[in-house]
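Colleague: Have a look at this one.
Please treat every number below as a calculation from the coordinates, not as lab data. Fair warning: this is a prediction, and the values are worked out from it, not measured in the lab. Note: ideal-geometry Cβ built from the backbone for every residue, glycine included; neighbour counts use all protein chains shown.
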Amino acid sequence: MLARQAPGSRVVLTTFTTNLAEQLRVDLLRLDPGLPMAPRLGDPGVAVFGIDALASAVLRNAGTDIAADTEAVLGIGTQQIAGRTPNSAWQDAQDAAGSSLPAVLRSTAFFAAEYAQVVLPGRVTTREAYYKVRRPGRGVALDRAKRAAAWDVIEAYRAQARTAGSIDFPEAATIGAAHLRRIGHDCGEYLADHVLVDEGQDLGPGHWQLLRALVGEHANDLFIAEDSHQRIYGHRTVLSQFGIRIVGRSQRLTLNYRTTAQNLKYAMTVLEGGEYVDLEDGAESSSAYRSARSGPTPRLIRSATLSEELDRAAQLIREWTENAEAPETVAVLVRDQRQRDRLVTGLAERGITIRAVDREHIKPGQPVAMTMHRAKGTEFSKVLLFGVNHGAIPRPLRDEQYAEEAWADALLRERSLLYVAATRARDELAVSWSGDPSQLLSIPVVSAQ
């Protein structure tokens with residue numbers, strides 16, 4: 001509508017993952033094949049990006065005019081930021097400079113969160129600034145000695161990245177935000193007229209700083225869709241901290257059009273025991289949600305062994321696909337890629353061919369196997385959640401035990417992940433496990449087989 005009402009306007013649509021961004025692009029063109037699509041960021045039309053791809057596009061647009069912005073964020077002006085720092089770099093930095101770390105801080109999860117939530121948003125570039133910076137919501141208190149030990153690791157992390165000519169994804173978003181804010185403040189230049197955000201609950205501080213700086217403040221500048229029950233990435237974020245004011249301007253949607261009332265009711269049981277807040281730090285209730293559709297009660301399939309669970313999964317998929325015109329509307333969702341690959345092999349041994357899907361599009365002709373994370377933004381007629389065992393989901397959260405709040409938030413994301421997976425089913429849902437079930441499952445005394 002924005003693109004049609006104001007020809008020549010620049011509309012950016014973004015979300016957390018590249019896969020979902022691509023699906024949004026496909027869906028937009030399916031709804032309106034004539035919709036003007038922007039070939040590049042800043043061009044007229046609709047530009048669709050995953051949020052980290054959007055940050056990369058901002059940095060490409062900046063070109064050599066980025067040194068001042070890297071200095072503002074990292075403390076050293078550099079143009080060597082093409083590479084992306086690997087996830088293993090925090091452990092490498094601890095190994096190199098963490099000899100004085102207390103046990104509570106020996107956690108890559110702690111450093112990744114501290115960096116993305118405190119250091120980067122606060123533009124902390126020196127040890128003295130880190131001694132003084134506020135750390136609300138971090139859960140673990142740091143005295144001067146602990147901050148000194150932590151900063152040693154942060155300095156080592158940045159030094160290793162400089163040598164490699166790389167930055168990580170939160171750094172890319174924060175540097176992009178600094179650049180956009182500078183050109184907006186100095187020149188009044190913005191790369192978008194309207195920004196639409198899907199799955200806003202998954203975005204981090206650097207992302208929100210980037211989006212606020214991408215578009216000037218005016219009517220219809222930012223539109224945000226979020227559901228705190230579906231936050232499976234990142235940490236809690238409050239939008240007002242980034243100059244995004246939504247108090248009194250938001251509307252809660254409670255009608256679920258995708259799944260049936262029975263599937264929704266079961267999925268909601270996974271959320272019980274968790275405390276959810278929205279992007280303004282307000283309590284988020286799940287009791288008001290309802291569905292416009294009805295269907296069968298979800299099947300709960302208990303097995304004694306993995307082999308037995310695979311046998312039952314094969315039987316169920318045969319049943320679901322026997323007369324199905326579109327087998328690709330049947331999906332089996334699992335916690336991780338290793339489990340997915342083991343599932344595909346196990347089903348093949350039982351005469352069931354199922355396609356493992358990672359980054360590629362879902363192709364017609366076969367049922368699909370996906371991780372629960374990859375399934376975000378998709379929907380299927382029939383879904384089996386496979387391997388929902390104790391120890392598989394929630395995954396072991398040892399690295400999150402540096403603070404009780406961090407562990408509780410990680411567990412909340414695991415609940416949300418299982419909720420997201422369960423609500424991918426439009427019509428029929430089944431949940432299976434072998435041995436002891438996940439502690440997140442609601443298991444009645446008698447379960448359907």
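Colleague: In region 155-216, with Lys and Arg counted as +1 and Asp and Glu as -1 at Cβ, which of these residues, Gly216, Ala159, Gln201, has the Cα nearest the positive end of the dipole, that is, farthest along it?
Modeller: Ala159
Colleague: Could you state the principal axis extents of the C-alpha atoms in the chain, from the largest down, to the nearest angstrom?
Modeller: Result, largest extent first: 62, 59, 41 Å.
Colleague: For region 5-62, go through all pairs of different Cα atoms, get the mean of 1/r, take its inverse, and jot down that Kirkwood value in Å.
Modeller: Result for region 5-62 stands at 11.7 Å.
Colleague: Once both axes come from the Cα atoms, what is the angle between helix 18-31 and the longest principal axis of the chain, in degrees from 0 to 90, rounded to 10?
Modeller: Roughly 70 degrees between the two axes.
Colleague: If each of Gln439 and Arg127 carries a label point 7 Å out from its Cα toward its Cβ, how far apart are those two points in nm?
Modeller: So the two model labels end up 4.1 nm from each other.
Colleague: A follow-up question, please. Which of Tyr402, Tyr257 comes first, and how do the rest follow, when ranked by fewest Cβ neighbours within 10 Å?
Modeller: Result, fewest neighbours first: Tyr257, Tyr402.
Colleague: Setting aside same-chain residues fewer than 8 positions from Lys265, which lysines have a Cα under 27 Å from its Cα?
Modeller: Hits, sequence-local ones excluded: Lys376, Lys382.
Colleague: Further question on the same structure: Which trypsin sites (Lys or Arg not before Pro) does region 195-254 hold that lie in a coil by DSSP with at most 13 other beta carbons within 10 Å?
Modeller: Arg245, Arg249, Arg252
Colleague: Can I ask one more? Considering only Ala93, Val420, Leu59, whose Cα is most displaced toward the positive end of the charge dipole of the chain, charges sitting on Cβ of Lys, Arg (+1) and Asp, Glu (-1)?
Modeller: Checking the options against the dipole of the chain, the answer is Val420.
Colleague: Then there's this: Sort Thr371, Thr64 so the one with the fewest other Cβ atoms within 10 Å of its own Cβ comes first.
Modeller: Thr64, Thr371
Colleague: Can you tell me the orientation of helix 404-422 relative to the chain, as the angle in degrees between its alpha-carbon axis and the longest Cα principal axis, to the nearest 10?
Modeller: Rounded to the nearest ten degrees, it is 50.
Colleague: Assuming 0.36 nm per residue, please report the length gained on full extension of the stretch Thr18 to Val247 beyond their Cα-Cα distance.
Modeller: 79.5 nm is the gain from fully extending Thr18 to Val247.
Colleague: In µm²/s, what is D for region 83-164 at 10 °C and 1.306 mPa s, where D = kT/(6 pi eta Rh) by Stokes-Einstein and Rh is the Kirkwood radius from Cα pairs?
Modeller: Rounded, D is 124 µm²/s.
Colleague: Please state, rounded to one decimal and in Å, the Kirkwood hydrodynamic radius that region 256-434 gives when every pair of distinct Cα atoms enters the mean of 1/r.
Modeller: It is 17.0 Å.
Colleague: For Lys132, give me every one of the aspartates and glutamates with a C-alpha distance below 12 angstrom, ignoring sequence neighbours fewer than eight places off in its own chain.
Modeller: Straight-distance partners of Lys132: Asp143.
Colleague: Specify the angular offset, from 0 to 90 degrees and rounded to the nearest 10, of the alpha carbon long axis of helix 169-187 from the longest principal axis of the alpha carbons in the chain.
Modeller: Rounded to the nearest ten degrees, it is 50.
Colleague: According to the Kirkwood expression over distinct Cα-Cα pairs, how big is the hydrodynamic radius of region 288-350, in Å?
Modeller: One decimal place: 13.8 Å for the Kirkwood radius.
Colleague: Which one, Leu180, Leu255, Leu397, has the greatest fluctuation when you compute a Gaussian network model over the chain with C-alpha springs under 10 angstrom?
Modeller: Result for the chain, Cα springs under 10 Å: Leu255 fluctuates most.
Colleague: Please sort by residue number the trypsin sites (Lys or Arg not before Pro) in region 1-87 whose DSSP state is loop and whose Cβ has at most 12 other Cβ atoms within 10 Å.
Modeller: Listed in order of number, the matching sites are Arg40.
Colleague: Over the chain, what is the percentage of antiparallel beta bridges among all DSSP beta bridges, to the nearest 5?
Modeller: Here the antiparallel bridges make up roughly 5 percent for the chain.
Colleague: Further question on the same structure: Loop only by DSSP, 12 or fewer other Cβ within 10 Å of the Cβ. Give me the trypsin sites (Lys or Arg not before Pro) in region 134-181 that pass, ordered by residue number.
Modeller: Arg134
Colleague: Okay, moving on. Any idea what the relative contact order of the chain is, in percent, if you count C-alpha pairs under 8 Å spaced at least 6 apart?
Modeller: The normalised contact order for the chain reaches 15 percent.
Colleague: When the Debye formula is applied to the Cα atoms of region 217-314, each taken as the same point scatterer, what base-10 log of I(q)/I(0) results at q = 0.19 Å⁻¹?
Modeller: Taking Cα atoms of region 217-314 as identical point scatterers yields -1.05.
Colleague: Sort Phe16, Phe169, Phe49, Phe223 by Cβ crowding within 10 Å, fewest neighbours at the top.
Modeller: The most exposed by this proxy come first: Phe223, Phe169, Phe49, Phe16.
Colleague: Next up: What aspartates and glutamates could a cross-link reach from Lys146, if we take a straight Cα to Cα line under 16 Å and drop same-chain neighbours fewer than 8 places away?
Modeller: Hits, sequence-local ones excluded: Glu114, Glu128, Glu155.
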